[in-house]
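Quick notes on the structure that follows.
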Amino acid sequence: MLNTSARLLRVLTLLETRRDWSGAELAERLEVSPRTVRNDISRLRSLGYPVEATPGVAGGYRLAAGAALPPLLLDDEEAVAVAVALRSSAGGGVTGIGETSVRALVKLEQVFPMRLRRRVNALQAYTIAAPTSGPTVDAHVLAVIAAACRDHEVLGIDYRKHDGSETTRSVEPFRLVNLGRRWYLVAWDRDRHGWRTFRVDRLTPKYSNGPHFVPREPPSEDIAAYVTRSVRSVPMKYEARVTVHAAAAVIAERVPHGIVIEPVDDNTCVVLARSNSVEMLALYIGLLDADFSITEPPELVERLRKLAERFAAASTR
């Protein structure tokens, strides 16, 4: 059995990992009596931790927001993970989080023991983040959505679709998925009666803390793969079908993730690429570094012809 101090740390860790705990659940996890749990909760409150209690059979305990942020317990691996995440987010796709991440990282490293500081500094010294561009999302919006996912609360959103039209939805949020610099929300659309994928940079939460819902069976066991398929199915202005005279495995290493490659034989494959820009399609084809043939769309064929003339002229100067 854990001593009192160790048990208090364990209670705090459990309260930080889940929103609600019943007294019976805590007692079972700690292998103590419900009375001991009540005493431990009282000790945590005396130390400044805002633990709320709900009486009754369905009652329990919850670590609430207080006037001040209480100490947070992290083990070695969690502390390193937080530090690495803070370094990464300083240059990521979340609006306004860079400076905040740096401030938090300075505070965290200040209290790191030397063994952890060396590990984090090594990661910083030998890791290079390539600059990227693209849409960013608001950190507060991500926090609101994540909380609604966690607490199974209906979320109202204003959403701008890919064609620019706007709509209002009532959704049951399930998961946030990060693909590169873009964030997506997978949710059950109560108005359309089906699962939908929403780009977070295109949505604005209208309200949170809505009515609770019973979680549904997710649309897929692999939510990241589900989102990738959903993104691929979004209508695009141009679609190119390119026959490439190279092995599919070779071409797969040269094009961005999300472009479909269909093997034909050991030395031939078909690349299916879509975009709202013929310039972007031309860029994809340029990355192939292999002989190819293409007949459509005609806008892309014309763009490639002009590029070929430009490159030929440049190479003869």
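The values are calculated or read from the model by the stated rules, or taken from the named source; none is laboratory data. The structure presented is a predicted model; accordingly, all values stated were derived computationally and were not measured. With ideal geometry, Cβ positions are generated from the backbone for all residues, glycine too; neighbour counts draw on all protein chains shown. Surface areas here come from the heavy atoms of the whole protein model, side chains and all, with no ligands, DNA or RNA. Shrake-Rupley method; radii C 1.70, N 1.55, O 1.52, S 1.80 Å.
Listed values, structure above:
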{"item": "Heavy-atom accessible surface of the range 254-314: percent carbon and sulfur, 1.4 Å", "result": "55 percent"}
{"item": "FRET efficiency, Glu109 to Ala53 (Cβ-Cβ, R0 35 Å, nearest 0.05)", "result": "0.45"}
{"item": "Charge context of Leu8, other residues only, Cβ under 14 angstrom, K/R +1, D/E -1", "result": "+4"}
{"item": "Extended-chain gain in nm, criterion 0.36 nm per residue less alpha-carbon gap, Ala308 and Leu283", "result": "7.7 nm"}
{"item": "Highest average packing first - 224-231, 28-35, Cβ atoms within 10 Å", "result": "224-231, 28-35"}
{"item": "Computed accessible area, Met280, all protein chains, 1.4 angstrom probe, square angstrom", "result": "80 Å²"}
{"item": "Within the range 36-52: backbone nitrogen closer than 14 Å to the Leu14 label point (7 Å, Cα to C-beta)", "result": "36-42, 44"}
{"item": "Per residue solvent-accessible surface (Å²) - the range 161-317, probe of 1.4 Å", "result": "61 Å²"}
{"item": "Extension gain, Val264 back to Arg196 (0.36 nm per residue minus Cα-Cα distance, nm)", "result": "21.2 nm"}
{"item": "Potential lengthening between Glu296 and Thr168 on full extension [0.36 nm per residue; Cα-Cα distance subtracted]", "result": "42.4 nm"}
